[in-house]
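Read through the structure below, which is laid out as structure tokens, and then see the notes.
Just so it is clear, none of the values below were taken in a lab; they were calculated from the coordinates. All values reported here derive from a predicted model rather than from experimental measurement. Here Cβ is always computed from backbone atoms with ideal geometry, including for glycine, and neighbour counts include all displayed protein chains.
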Amino acid sequence: MVRMSEITQEVFAALPEAVQGAYEQQGDVFVSVDSLKLAALKGKLDSAYSERDEFKGRLTTQEQAESDKIAAADKAAYERAVKENDFESQNKILNEKLADAEKRSGETELKYQERLKSIADDKKKVVISELSQSATGSKRAAMKRLLKDYVSVDPETGDETYLNDDGSASTLNRDQFMESLPENEIFKSLIQASIATTGGGQSNGSIGTNGVGLARSTMSSEQKAEYIKKHGQESYLKLKK
């Protein structure tokens, strides 16, 4: 059977001399020089791949053998120390094993802490996204950026802590913190007008649903007591005087 890279003598004889130079006789047929070069290159590559695989196999075997050798030596050294009542050597070997175990445990703990932090960060994003809904649409991105410094989530417990302007922890829960934002000079300009004017602007002087907008000086003692009961002393103190 004649392959595509081979031609018979009759075909070769009919070729122009310039084309005949691209073929080389192999027995009864003529084979293109390019196909011969390609076959040679393929042979070299196959050989290189074979040598590489063989080397990797030897390397894996050597590494395993070396690891087994070290483990056997450690075991023999410890057994010898026990037999000879060499407590110093026994203690040294055990401490080395303990240090190795602690190192591996530390690596596992690190990954565990990283996972918890990731979960806490995701929860913080959700909280900030919810709080930022009180901002006007065009200012919502700025609101999110500012809130990052006011919201903290414990990676271990998932508990939320809302911070004061100075970075200290407040006693406010999420609802109370949200209610305090319209009176905070940093957030006031970002809050929706409908939220910022709720409360003291009502005609009957009631503290309303959240008391936002009220001045402490305009509240009756009954209103103050009602507000503190609903929102807490710290929230009351945040109201303007």
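Which FRET efficiency value, to the nearest 0.05, do you get for Lys44 and Val11 by plugging their Cβ-Cβ distance into 1/(1 + (r/R0)^6) with R0 = 45 Å? Provide the component values of the computation, followed by the final result.
On the way: r = 30 Å, r/R0 = 0.66.
After rounding, the FRET efficiency stands at 0.90.
What distance in nm lies between label points placed 7 Å from Cα along the C-beta direction at Ser35 and Gln113? Between Ser35 and Gln113, the label points sit 6.7 nm apart. With 0.36 nm allotted per residue and the present C-alpha distance subtracted, the Ala77-Lys224 stretch has 45.1 nm of extension available.
Ranked by how many other Cβ atoms sit within 10 Å of their own Cβ, fewest first, the residues Leu239, Leu116 fall in the order Leu116, Leu239.
A crude spin-label estimate for the pair Ser89 and Asp154, with each label 7 Å from Cα along the Cβ direction, gives 5.1 nm.
Taking every C-alpha pair closer than 8 Å and separated by at least 6 residues, the mean separation divided by the residue count of the range 113-196 gives a relative contact order of 26 percent.
In plain terms, the residue of Val19, Val29 with the fewest other Cβ atoms within 10 Å comes first and the most crowded comes last, giving Val19, Val29.
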